[in-house]
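Undergrad: I am attaching a structure below and will ask some questions about it afterwards.
Quick note: the coordinates plus some simple rules give every number you see, no bench work behind them. Computed from a predicted model, the values in this text were never measured in an experiment. All Cβ positions, glycine included, derive from the backbone under ideal geometry; neighbour counts span all protein chains shown.
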Amino acid sequence: MFKDLFHKKKYATVPSERPKRDIPEGLMNKCAKCGNIQYSKELEKNLKVCSSCGHHFRLNAWERIQMIMDDGRLTEFDADMLSEDPLGFPGYADKLEQQKMSSGLKDAVVTGEGEIGGFPVVVAVMSFDFFSGSMGSVVGEKITRAIEQAHEKQLPVIIFSTSGGARMQESILSLMQMAKTSAALAKFQGAGGLFISVMTDPTMGGVTASFASLGDYNLAEPGALVGFAGRIVIEQTIRQKLPDNFQTAEFNMQHGQLDMVVHRKEMKSVLTKLLDMHMVKEVVPHGG
């Protein structure tokens, strides 16, 4: 009797026709450095720099082009150039297709001609979201052709680098791009051409060991990881503990490997000033 008296009654529930209010994907972003959570739109307004700690989020190639080029415009070179599978490396062809779908790019670099601060330039912009920005045959060829276009048109070259290193699925063909791009730059700079290298997070391996370090000016974004081999490999080789800030842009600048560390908000104005310094101005005769 008492059991029935205090027994909790079961009530039927009627399913609600109102949909659950799910948070849209991509609405918020969490800073990898300080953990601060902010609206994606606010982050984009701040050029994808954390408003709390100043951490520079990675940009893809077209995002950077939109920020740096006048009116976000670029006349693209070699837009249809695609990587092949010269060695028949297992799974490489499928991986390339996956990378095209996920990144919206055809390879890890976009090259072209446009203006920065009113000055005509040739640019190459690498993107880490395609195969970790690895340098294969297409990356090396597109950058080399961009340098040759600049040489022919007598325009400055600016390369924004980000890379995990050489694309080893192409083996020696990938490593050859280091020599090819460096040779093209040597010819270009030997003829008086201006090359500005901008290293972004991360710039590692064969890219750092070749064209990225050959600028007349070598710049980097704050906190960018810049180096050749990774920390673990170096520590195991030399059997020493490395400083916590080892291979950051700031560390490289302190040790003479960079000319400037430039905040993303100031990058376009700094590039404009450098271009203006090297611009050949027409001399108007007195009284002309």
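Undergrad: Could you work out which residue, out of Gly190, Gly26, Gly117, moves most in a Gaussian network model of the chain, that is, has the largest mean-square fluctuation with Cα springs under 10 Å?
TA: Looking only at Gly190, Gly26, Gly117, the largest GNM fluctuation is found for Gly26.
Undergrad: By its C-alpha gyration tensor, with a ≥ b ≥ c as the square roots of the eigenvalues, how is the stretch 35-116 shaped: rounded for a/c under 1.5, else prolate for a/b larger than b/c, else oblate? Provide the component values of the computation, followed by the final result.
TA: Values: a/c = 3.48, a/b = 1.51, b/c = 2.30.
Since a/c reaches 1.5 but b/c is at least a/b, the shape of the stretch 35-116 is classed as oblate.
Undergrad: Label points 7 Å out from Cα along the Cβ direction at Gln254 and Val233: separation in nm?
TA: 2.4 nm
Undergrad: Ok, one more. What FRET efficiency do you get for Ser51 and Thr75 if R0 is 22 Å and r is their Cβ-Cβ distance, rounded to the nearest 0.05? Mind showing how you got there, number by number?
TA: Details: r = 34 Å, r/R0 = 1.54.
My answer for the efficiency is 0.05.
Undergrad: Which angle from 0 to 90°, rounded to the nearest 10, does the C-alpha axis of helix 137-153 make with the longest principal axis of the chain?
TA: 40 degrees
Undergrad: Moving on. Highest mean first, how do 130-138, 237-245, 198-206 rank when packing is the count of other Cβ atoms within 10 Å averaged over residues?
TA: On the way: 130-138: 23.6, 237-245: 9.2, 198-206: 25.9.
In decreasing order of mean packing, 130-138, 237-245, 198-206 become 198-206, 130-138, 237-245.
Undergrad: Using the reciprocal of the averaged 1/r over all distinct C-alpha pairs, how large is the Kirkwood radius of the stretch 33-78 in Å? Mind showing how you got there, number by number?
TA: Values: mean 1/r = 0.0838 Å⁻¹.
Every distinct Cα pair counted, the radius reaches 11.9 Å.
Undergrad: Just check the stretch 62-197 against the gyration tensor rule for me: Cα atoms, a ≥ b ≥ c as the square roots of the eigenvalues, rounded for a/c under 1.5, and otherwise prolate or oblate depending on whether a/b exceeds b/c.
TA: Numbers: a/c = 2.44, a/b = 1.42, b/c = 1.71.
Oblate.
Undergrad: In 5 Å bins starting at 0, how do the alpha-carbon pair distances of the stretch 175-253 split up by percent?
TA: P(r) over the stretch 175-253, rounded to whole percents: 3, 15, 21, 21, 16, 13, 6, 3, 1.
Undergrad: In nanometres, what is the gap between the two model label sites at Lys241 and Glu44, each 7 Å from Cα along Cα-to-Cβ?
TA: Distance between the two pseudo-spin positions: 4.4 nm.
Undergrad: Further question on the same structure: How far is helix 92-103 tilted off the main Cα axis of the chain, in degrees rounded to 10, range 0 to 90?
TA: 80 degrees
Undergrad: With 15 Å as the cut-off, how large is the P(r) tail for the stretch 130-195, expressed as percent of Cα-Cα pairs?
TA: Working: 1070 of 2145 pairs.
Of the Cα pairs, 50 percent sit more than 15 Å apart.
Undergrad: For the stretch 119-134, what does the Karplus curve 6.51 cos²θ - 1.76 cosθ + 1.60, with θ = phi - 60°, yield as ³J(HN,Hα) per residue in whole Hz, taken in order and with x for Gly and Pro?
TA: Here the 3J(HN,Hα) series is 9, x, 9, 9, 10, 10, 10, 8, 10, 6, 7, 10, 6, 6, x, 5 Hz.
Undergrad: In terms of the ratio Rg/(2.2 N^0.38 Å) built on C-alpha atoms, what value belongs to the chain?
TA: Details: Rg = 24.6 Å, N = 288, 2.2 N^0.38 = 18.9 Å.
Against the empirical 2.2 N^0.38 Å value, I get 1.30 for the chain.
Undergrad: Sticking with this structure for a sec: Using alpha carbon centroids, what distance separates the stretch 151-209 and the stretch 52-110, in Å?
TA: 16 Å
Undergrad: Right, another one. Magnitude of the Cβ-charge dipole of the stretch 75-195, K/R +1 and D/E -1, about the Cα centre, nearest 20 debye?
TA: Using only the charged Cβ atoms, the result is roughly 340 debye.
Undergrad: Between Met277 and Ala186, what is the label-to-label distance in nm when each label sits 7 Å out along the Cα-to-Cβ direction?
TA: 2.6 nm
Undergrad: Under the rule a/c < 1.5 gives rounded, and otherwise a/b versus b/c splits prolate from oblate, where does the stretch 138-282 land using the Cα gyration tensor?
TA: Numbers: a/c = 2.45, a/b = 1.30, b/c = 1.88.
Because a/c hits 1.5 or more and a/b fails to exceed b/c, the stretch 138-282 counts as oblate.
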